[in-house]
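The values are calculated or read from the model by the stated rules, or taken from the named source; none is laboratory data. Just so you know, these numbers come straight off a predicted model, no measurement behind them. Note that each Cβ is placed from the backbone with ideal geometry, even for glycine, and that neighbours are counted across all protein chains shown. The area values use the complete protein model at the heavy-atom level, side chains included, leaving out ligands, DNA and RNA. Shrake-Rupley method; radii C 1.70, N 1.55, O 1.52, S 1.80 Å.
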Amino acid sequence: MTAVERALAAVRGQEVDRTSSAAGLIMTTVEMMKSVGATYPEAHHNPQMMADMAAAAHEMCGVDGTTFPFDMSLEAEILGAELDWRKVDRPPIKTSPVNDPDNFTVPDKIEELGRIPVVLKTIDILKEKYGEDLAILPTTVCPFTIAGHMAGVDNLFMWILSDPDKVHTLVDKITGFVIEYQKLMAAHGADILFAIDPTSSGDLLSGDMYAEFVLPSIKKMKKGTGASTILHICGNTKPMLEHIAVSGVDAFSFDKAVPVWYAKQKLGNVSAYGNLDVIELFPNGTPDDVYNATAEVIRQGINIAGSACDVPETTPLENIRAFVKACEETPVPSKNDSMAYGKQLAAQVAEK
(Lines give C-alpha, C1' and ligand atoms only; values in the text may rest on other atoms or scores of the structure.)
Protein backbone atom coordinates (compact mmCIF):
# COMPACT_ATOMS: atom_id res chain seq x y z
CA MET A 1 0.00 0.00 0.00
CA THR A 2 1.08 3.59 -0.54
CA ALA A 3 1.24 5.93 2.44
CA VAL A 4 -1.98 7.61 1.31
CA GLU A 5 -3.80 4.31 0.74
CA ARG A 6 -2.68 3.07 4.17
CA ALA A 7 -3.75 6.22 5.98
CA LEU A 8 -7.15 6.33 4.29
CA ALA A 9 -7.78 2.64 4.95
CA ALA A 10 -6.80 3.06 8.61
CA VAL A 11 -9.07 6.07 9.07
CA ARG A 12 -11.95 4.14 7.54
CA GLY A 13 -11.31 1.07 9.71
CA GLN A 14 -10.29 -1.10 6.77
CA GLU A 15 -7.49 -3.65 6.55
CA VAL A 16 -3.93 -2.33 6.25
CA ASP A 17 -0.60 -3.92 5.44
CA ARG A 18 0.88 -2.32 8.57
CA THR A 19 -0.04 0.38 11.05
CA SER A 20 -0.01 3.87 9.60
CA SER A 21 2.24 6.50 11.17
CA ALA A 22 0.58 9.38 9.33
CA ALA A 23 0.96 12.36 11.65
CA GLY A 24 -2.00 14.65 12.15
CA LEU A 25 -0.28 16.35 15.07
CA ILE A 26 2.93 18.30 14.66
CA MET A 27 6.15 16.27 14.66
CA THR A 28 8.59 19.08 13.86
CA THR A 29 11.69 19.30 16.02
CA VAL A 30 14.41 21.93 16.31
CA GLU A 31 16.79 19.53 14.60
CA MET A 32 14.40 19.12 11.67
CA MET A 33 13.93 22.87 11.33
CA LYS A 34 17.69 23.41 11.21
CA SER A 35 18.10 20.69 8.59
CA VAL A 36 15.70 22.44 6.17
CA GLY A 37 16.61 26.00 7.11
CA ALA A 38 13.17 26.77 8.52
CA THR A 39 12.61 29.58 11.01
CA TYR A 40 9.67 31.25 12.74
CA PRO A 41 7.71 33.35 11.94
CA GLU A 42 8.72 32.85 8.29
CA ALA A 43 7.47 29.25 8.30
CA HIS A 44 3.95 30.57 8.95
CA HIS A 45 4.01 32.77 5.85
CA ASN A 46 6.28 31.11 3.26
CA PRO A 47 4.63 28.11 1.55
CA GLN A 48 7.91 26.53 0.42
CA MET A 49 9.35 26.78 3.93
CA MET A 50 6.09 25.45 5.39
CA ALA A 51 6.22 22.50 2.99
CA ASP A 52 9.90 21.74 3.70
CA MET A 53 9.28 21.91 7.43
CA ALA A 54 6.15 19.75 7.20
CA ALA A 55 7.97 17.08 5.17
CA ALA A 56 11.03 16.92 7.42
CA ALA A 57 9.65 14.13 9.65
CA HIS A 58 8.99 12.06 6.53
CA GLU A 59 12.39 12.75 4.98
CA MET A 60 14.41 12.24 8.16
CA CYS A 61 12.36 9.64 10.05
CA GLY A 62 10.03 7.97 7.55
CA VAL A 63 6.74 9.18 9.01
CA ASP A 64 3.84 8.32 6.67
CA GLY A 65 2.04 11.67 6.79
CA THR A 66 2.28 15.27 7.83
CA THR A 67 0.27 18.23 9.06
CA PHE A 68 0.39 22.01 8.94
CA PRO A 69 -0.03 24.93 9.59
CA PHE A 70 1.91 25.08 12.84
CA ASP A 71 -0.39 27.20 15.02
CA MET A 72 -4.04 27.21 16.12
CA SER A 73 -4.79 30.86 15.43
CA LEU A 74 -5.02 31.08 11.63
CA GLU A 75 -8.81 30.80 11.44
CA ALA A 76 -9.41 33.35 14.20
CA GLU A 77 -7.00 35.75 12.52
CA ILE A 78 -8.98 35.47 9.27
CA LEU A 79 -12.18 36.22 11.18
CA GLY A 80 -10.81 39.36 12.81
CA ALA A 81 -8.88 38.37 15.93
CA GLU A 82 -5.51 40.04 16.53
CA LEU A 83 -2.59 37.72 17.24
CA ASP A 84 0.41 38.28 19.50
CA TRP A 85 3.32 37.71 17.14
CA ARG A 86 5.87 38.14 19.92
CA LYS A 87 5.48 34.38 20.35
CA VAL A 88 6.62 33.57 16.86
CA ASP A 89 6.21 29.79 16.95
CA ARG A 90 2.59 29.59 18.18
CA PRO A 91 1.11 33.13 18.17
CA PRO A 92 -1.77 33.28 20.68
CA ILE A 93 -4.93 35.34 20.43
CA LYS A 94 -4.29 38.92 21.57
CA THR A 95 -7.78 40.37 21.14
CA SER A 96 -11.15 38.62 20.86
CA PRO A 97 -13.37 40.90 18.76
CA VAL A 98 -16.85 39.38 19.17
CA ASN A 99 -19.08 40.91 21.83
CA ASP A 100 -22.41 40.23 20.13
CA PRO A 101 -22.64 37.15 17.85
CA ASP A 102 -25.62 38.68 16.03
CA ASN A 103 -23.30 41.38 14.64
CA PHE A 104 -20.55 38.96 13.63
CA THR A 105 -20.15 38.18 9.92
CA VAL A 106 -17.81 35.86 8.04
CA PRO A 107 -15.81 37.58 5.27
CA ASP A 108 -16.19 36.67 1.60
CA LYS A 109 -13.56 35.06 -0.66
CA ILE A 110 -11.66 33.47 2.19
CA GLU A 111 -9.32 31.75 -0.27
CA GLU A 112 -7.67 35.15 -0.74
CA LEU A 113 -7.43 36.09 2.94
CA GLY A 114 -4.57 35.99 5.44
CA ARG A 115 -2.50 32.82 5.49
CA ILE A 116 -5.07 30.60 3.77
CA PRO A 117 -3.32 31.00 0.38
CA VAL A 118 -0.06 29.90 2.08
CA VAL A 119 -1.66 26.71 3.38
CA LEU A 120 -3.28 25.90 0.05
CA LYS A 121 0.00 26.46 -1.82
CA THR A 122 1.77 24.22 0.70
CA ILE A 123 -0.67 21.41 -0.11
CA ASP A 124 0.05 21.95 -3.82
CA ILE A 125 3.82 21.76 -3.26
CA LEU A 126 3.69 18.60 -1.15
CA LYS A 127 1.21 16.81 -3.38
CA GLU A 128 3.30 17.55 -6.49
CA LYS A 129 6.54 16.38 -4.85
CA TYR A 130 5.39 13.30 -2.94
CA GLY A 131 2.14 12.15 -4.54
CA GLU A 132 0.97 8.95 -2.85
CA ASP A 133 4.14 8.57 -0.77
CA LEU A 134 3.13 11.12 1.86
CA ALA A 135 -0.35 11.49 3.33
CA ILE A 136 -1.35 15.14 3.78
CA LEU A 137 -3.44 15.80 6.90
CA PRO A 138 -3.70 19.58 7.23
CA THR A 139 -5.06 20.95 10.49
CA THR A 140 -8.21 22.99 10.84
CA VAL A 141 -9.58 24.30 14.13
CA CYS A 142 -13.15 23.28 14.94
CA PRO A 143 -15.99 25.81 15.28
CA PHE A 144 -16.41 25.67 19.07
CA THR A 145 -12.72 26.35 19.73
CA ILE A 146 -12.70 29.18 17.18
CA ALA A 147 -15.75 30.62 18.94
CA GLY A 148 -13.70 30.73 22.13
CA HIS A 149 -10.95 32.53 20.26
CA MET A 150 -13.38 35.08 18.84
CA ALA A 151 -15.43 35.82 21.97
CA GLY A 152 -12.93 34.85 24.63
CA VAL A 153 -13.18 31.49 26.35
CA ASP A 154 -14.47 33.03 29.59
CA ASN A 155 -17.28 34.82 27.74
CA LEU A 156 -18.13 31.70 25.75
CA PHE A 157 -18.57 29.62 28.88
CA MET A 158 -20.48 32.40 30.61
CA TRP A 159 -22.89 32.45 27.65
CA ILE A 160 -23.33 28.67 27.94
CA LEU A 161 -24.82 29.27 31.37
CA SER A 162 -26.55 32.63 30.89
CA ASP A 163 -27.38 33.03 27.18
CA PRO A 164 -26.93 29.78 25.23
CA ASP A 165 -28.47 31.24 22.07
CA LYS A 166 -25.37 33.42 21.69
CA VAL A 167 -23.19 30.32 21.66
CA HIS A 168 -25.38 28.58 19.09
CA THR A 169 -25.41 31.66 16.85
CA LEU A 170 -21.65 32.17 16.94
CA VAL A 171 -20.75 28.51 16.52
CA ASP A 172 -23.20 28.11 13.62
CA LYS A 173 -21.75 31.08 11.72
CA ILE A 174 -18.20 29.82 12.24
CA THR A 175 -19.18 26.30 11.14
CA GLY A 176 -20.02 27.62 7.68
CA PHE A 177 -16.60 29.25 7.47
CA VAL A 178 -14.81 26.06 8.56
CA ILE A 179 -16.67 24.01 5.95
CA GLU A 180 -15.66 26.46 3.23
CA TYR A 181 -12.01 26.37 4.35
CA GLN A 182 -11.95 22.58 4.55
CA LYS A 183 -13.45 22.29 1.07
CA LEU A 184 -10.61 24.44 -0.25
CA MET A 185 -8.06 22.13 1.39
CA ALA A 186 -9.72 19.04 -0.07
CA ALA A 187 -9.88 20.61 -3.52
CA HIS A 188 -6.13 21.25 -3.40
CA GLY A 189 -5.38 17.61 -2.57
CA ALA A 190 -5.57 17.16 1.20
CA ASP A 191 -5.99 13.44 1.85
CA ILE A 192 -7.46 13.63 5.36
CA LEU A 193 -8.64 16.64 7.34
CA PHE A 194 -7.34 16.81 10.91
CA ALA A 195 -9.84 18.85 12.92
CA ILE A 196 -8.71 19.96 16.37
CA ASP A 197 -11.08 21.07 19.12
CA PRO A 198 -9.18 21.59 22.40
CA THR A 199 -11.79 23.86 23.99
CA SER A 200 -14.36 21.03 23.88
CA SER A 201 -12.26 18.89 26.24
CA GLY A 202 -13.93 16.95 29.01
CA ASP A 203 -11.79 18.99 31.36
CA LEU A 204 -14.00 21.96 30.44
CA LEU A 205 -17.34 20.55 29.29
CA SER A 206 -19.69 17.85 30.52
CA GLY A 207 -20.95 15.24 28.10
CA ASP A 208 -24.36 16.93 28.00
CA MET A 209 -22.78 20.31 27.23
CA TYR A 210 -20.77 18.72 24.43
CA ALA A 211 -23.91 17.20 22.96
CA GLU A 212 -25.71 20.54 22.95
CA PHE A 213 -23.03 23.07 22.05
CA VAL A 214 -20.39 21.15 20.05
CA LEU A 215 -21.74 17.96 18.49
CA PRO A 216 -24.16 19.65 16.02
CA SER A 217 -21.32 21.68 14.52
CA ILE A 218 -19.12 18.58 14.13
CA LYS A 219 -21.93 16.71 12.38
CA LYS A 220 -22.60 19.67 10.10
CA MET A 221 -18.89 20.16 9.38
CA LYS A 222 -18.34 16.54 8.41
CA LYS A 223 -21.48 16.37 6.27
CA GLY A 224 -20.74 19.69 4.61
CA THR A 225 -17.18 18.82 3.71
CA GLY A 226 -17.62 15.16 2.84
CA ALA A 227 -13.89 14.49 3.28
CA SER A 228 -12.23 11.87 5.47
CA THR A 229 -11.85 13.54 8.86
CA ILE A 230 -10.00 12.88 12.11
CA LEU A 231 -11.28 14.79 15.14
CA HIS A 232 -8.80 15.60 17.93
CA ILE A 233 -9.68 16.68 21.46
CA CYS A 234 -7.21 17.11 24.31
CA GLY A 235 -7.53 15.97 27.91
CA ASN A 236 -10.11 13.64 29.37
CA THR A 237 -12.62 12.84 26.64
CA LYS A 238 -14.38 9.89 28.25
CA PRO A 239 -17.65 11.89 28.61
CA MET A 240 -17.56 12.69 24.88
CA LEU A 241 -16.91 9.25 23.40
CA GLU A 242 -20.55 8.20 23.06
CA HIS A 243 -21.28 11.45 21.21
CA ILE A 244 -18.22 11.21 18.98
CA ALA A 245 -19.33 7.70 18.04
CA VAL A 246 -22.38 9.24 16.30
CA SER A 247 -20.72 12.45 15.06
CA GLY A 248 -19.99 11.21 11.57
CA VAL A 249 -16.21 11.70 11.79
CA ASP A 250 -14.09 8.85 10.51
CA ALA A 251 -11.57 8.74 13.35
CA PHE A 252 -10.94 10.22 16.78
CA SER A 253 -7.57 11.38 18.11
CA PHE A 254 -7.37 11.43 21.89
CA ASP A 255 -5.04 12.09 24.78
CA LYS A 256 -3.15 9.66 26.97
CA ALA A 257 -5.81 10.29 29.65
CA VAL A 258 -8.03 7.81 27.77
CA PRO A 259 -6.64 4.27 27.25
CA VAL A 260 -6.83 2.95 23.71
CA TRP A 261 -8.72 -0.17 24.76
CA TYR A 262 -11.34 1.94 26.53
CA ALA A 263 -11.81 4.30 23.58
CA LYS A 264 -12.14 1.36 21.18
CA GLN A 265 -14.98 -0.06 23.29
CA LYS A 266 -16.90 3.24 23.17
CA LEU A 267 -16.24 4.58 19.66
CA GLY A 268 -18.15 1.97 17.70
CA ASN A 269 -17.28 2.28 14.01
CA VAL A 270 -15.13 5.38 14.52
CA SER A 271 -11.42 4.58 14.14
CA ALA A 272 -8.87 5.48 16.82
CA TYR A 273 -5.77 7.68 16.46
CA GLY A 274 -3.08 8.20 19.10
CA ASN A 275 -2.31 8.29 21.90
CA LEU A 276 1.41 8.23 22.74
CA ASP A 277 2.62 10.43 25.59
CA VAL A 278 4.35 13.68 24.64
CA ILE A 279 5.23 14.86 28.16
CA GLU A 280 7.83 12.23 29.01
CA LEU A 281 7.86 9.46 26.40
CA PHE A 282 8.76 11.29 23.20
CA PRO A 283 11.16 13.94 24.56
CA ASN A 284 12.74 12.01 27.44
CA GLY A 285 12.22 8.29 26.82
CA THR A 286 14.66 5.98 25.10
CA PRO A 287 14.05 4.66 21.58
CA ASP A 288 13.17 1.31 23.17
CA ASP A 289 10.60 3.05 25.38
CA VAL A 290 8.97 4.67 22.35
CA TYR A 291 9.07 1.45 20.33
CA ASN A 292 7.44 -0.57 23.12
CA ALA A 293 4.77 2.05 23.81
CA THR A 294 3.91 2.21 20.11
CA ALA A 295 3.70 -1.58 19.88
CA GLU A 296 1.37 -1.58 22.89
CA VAL A 297 -1.17 0.85 21.39
CA ILE A 298 -1.11 -1.24 18.22
CA ARG A 299 -1.90 -4.37 20.24
CA GLN A 300 -4.80 -2.50 21.84
CA GLY A 301 -6.25 -1.82 18.39
CA ILE A 302 -5.17 1.70 17.43
CA ASN A 303 -5.91 2.34 13.76
CA ILE A 304 -3.34 5.11 13.24
CA ALA A 305 -0.49 5.33 15.73
CA GLY A 306 0.40 8.86 16.68
CA SER A 307 1.15 11.26 19.47
CA ALA A 308 -1.42 12.43 22.02
CA CYS A 309 -0.58 16.05 21.21
CA ASP A 310 2.13 17.94 19.31
CA VAL A 311 5.55 16.32 19.76
CA PRO A 312 7.93 18.62 21.70
CA GLU A 313 10.57 20.36 19.60
CA THR A 314 13.32 18.83 21.75
CA THR A 315 12.34 15.25 20.86
CA PRO A 316 15.37 13.24 19.59
CA LEU A 317 15.08 12.01 16.01
CA GLU A 318 15.94 8.51 17.25
CA ASN A 319 12.67 8.44 19.17
CA ILE A 320 10.57 9.38 16.16
CA ARG A 321 12.42 6.75 14.11
CA ALA A 322 11.67 4.18 16.82
CA PHE A 323 7.99 5.12 16.59
CA VAL A 324 8.02 4.56 12.82
CA LYS A 325 9.94 1.30 13.19
CA ALA A 326 7.36 -0.04 15.63
CA CYS A 327 4.58 0.85 13.18
CA GLU A 328 6.41 -1.04 10.46
CA GLU A 329 7.32 -4.12 12.51
CA THR A 330 4.46 -4.72 14.97
CA PRO A 331 1.89 -7.16 13.58
CA VAL A 332 -1.55 -5.63 13.13
CA PRO A 333 -3.92 -7.59 15.38
CA SER A 334 -7.27 -8.80 14.18
CA LYS A 335 -10.31 -7.00 15.55
CA ASN A 336 -11.15 -10.05 17.64
CA ASP A 337 -7.65 -10.21 19.10
CA SER A 338 -7.53 -6.50 19.99
CA MET A 339 -11.02 -6.70 21.51
CA ALA A 340 -10.03 -9.72 23.60
CA TYR A 341 -6.89 -7.92 24.76
CA GLY A 342 -8.95 -4.85 25.62
CA LYS A 343 -11.32 -6.93 27.75
CA GLN A 344 -8.32 -8.43 29.53
CA LEU A 345 -6.95 -4.97 30.31
CA ALA A 346 -10.38 -3.78 31.44
CA ALA A 347 -10.61 -6.73 33.83
CA GLN A 348 -7.20 -5.89 35.27
CA VAL A 349 -8.30 -2.31 35.92
CA ALA A 350 -11.53 -3.51 37.55
CA GLU A 351 -9.57 -5.73 39.94
CA LYS A 352 -7.51 -2.82 41.27
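Brief remarks follow.
- Mean Cβ count within 10 Å, highest first, over the residues of peptides 10-23, 325-338: 10-23, 325-338
- Accessible-area composition of the range 280-346, carbon plus sulfur, in percent [1.4 Å probe]: 51
- In the range 22-105, a dipole from Cβ-located charges (positive for Lys and Arg, negative for Asp and Glu) runs towards its positive end, and of MET32, PRO69, LEU83 it is MET32 whose Cα lies farthest in that direction.
- Seen through its C-alpha gyration tensor, with square-root eigenvalues sorted a ≥ b ≥ c, the range 256-311 comes out prolate because a/c lies at 1.5 or above while a/b is bigger than b/c.
- Here the chain has an Rg and Dmax of 19.3, 58 Å, counting Cα atoms alone.
- Computed over the Cα atoms of the range 202-335, the ratio of the radius of gyration to the Kirkwood radius (Rg/Rh) comes to 1.00.
- Shown in residue order for the range 210-226 are the 3J(HN,Hα) couplings computed by the Karplus curve 6.51 cos²θ - 1.76 cosθ + 1.60 at θ = phi - 60°: 4, 4, 7, 9, 10, 3, x, 5, 5, 4, 5, 4, 5, 5, x, 8, x Hz (x for Gly and Pro).
- Counting only protein heavy atoms and using a 1.4 Å probe, the accessible area of TRP85 comes to about 80 Å².
- The packing ranking, built from the mean of other Cβ atoms within 10 Å per residue, places the peptides 171-183, 45-57 in the order 45-57, 171-183, highest first.
- When +1 charges are put on Lys and Arg Cβ atoms and -1 charges on Asp and Glu Cβ atoms, the dipole computed for the range 33-111 relative to its Cα centre reaches about 340 debye.
- The range 194-298: relative contact order in percent, alpha carbon pairs under 8 Å with at least 6 residues between: 23
- Portion, in percent, of the accessible area of the range 136-268 that falls on carbon or sulfur, probe 1.4 Å: 52
- Among the listed pairs LYS34/LYS94; LYS121/LYS223; LYS173/LYS238; LYS219/LYS266; LYS34/LYS87, those beyond 23 Å (Cα-Cα): LYS34/LYS94; LYS121/LYS223; LYS173/LYS238
- Cα-based Rg of the range 19-164 normalised by 2.2 N^0.38 Å, two decimals: 1.16
- Heavy-atom surface of the chain, accessible at 1.4 Å and reported per residue (Å²): 40
- Percent RCO, i.e. relative contact order, over the chain, from Cα pairs under 8 Å lying at least 6 residues apart: 20
- Cα-centred dipole magnitude for the range 44-175, charges only on beta-carbon of K, R (+1) and D, E (-1), debye, nearest 20: 260
- Cα-based values for the range 32-108, radius of gyration first and Dmax second, are 15.6, 49 Å.
- Using θ = phi - 60° and Karplus 6.51 cos²θ - 1.76 cosθ + 1.60, couplings along the range 243-255 (whole Hz; Gly, Pro as x): 7, 5, 4, 10, 7, x, 5, 7, 8, 10, 9, 9, 7
- Separation of alpha-carbon centers, the range 288-313 and the range 148-224, rounded to whole Å: 27
- Distance from the range 97-126 to the range 37-62 (C-alpha centre basis), Å: 21
- Whole-percent carbon and sulfur share, accessible surface of the range 5-129, 1.4 Å: 47
- Three-way shape label, the range 97-139, alpha-carbon gyration tensor, a/c 1.5: prolate
- Based on Cα atoms of the range 284-339, Rg over Rh with Rh as the Kirkwood radius reads 1.00.
- For the range 232-352, the relative contact order works out to 25 percent when only alpha carbon pairs closer than 8 Å and six or more residues apart are counted.
- Note that the range 232-237 has calculated 3J(HN,Hα) couplings of 10, 9, 7, x, 7, 10 Hz, one per residue in order, obtained from phi through the Karplus relation 6.51 cos²θ - 1.76 cosθ + 1.60 (θ = phi - 60°); glycine and proline are x.
- Whether the range 119-254 is rounded, prolate or oblate, judged on the alpha carbon gyration tensor where a/c under 1.5 counts as rounded: prolate
- Dipole moment magnitude, nearest 20 debye, the range 11-74 about Cα centre, only Lys, Arg, Asp, Glu C-beta charged: 80
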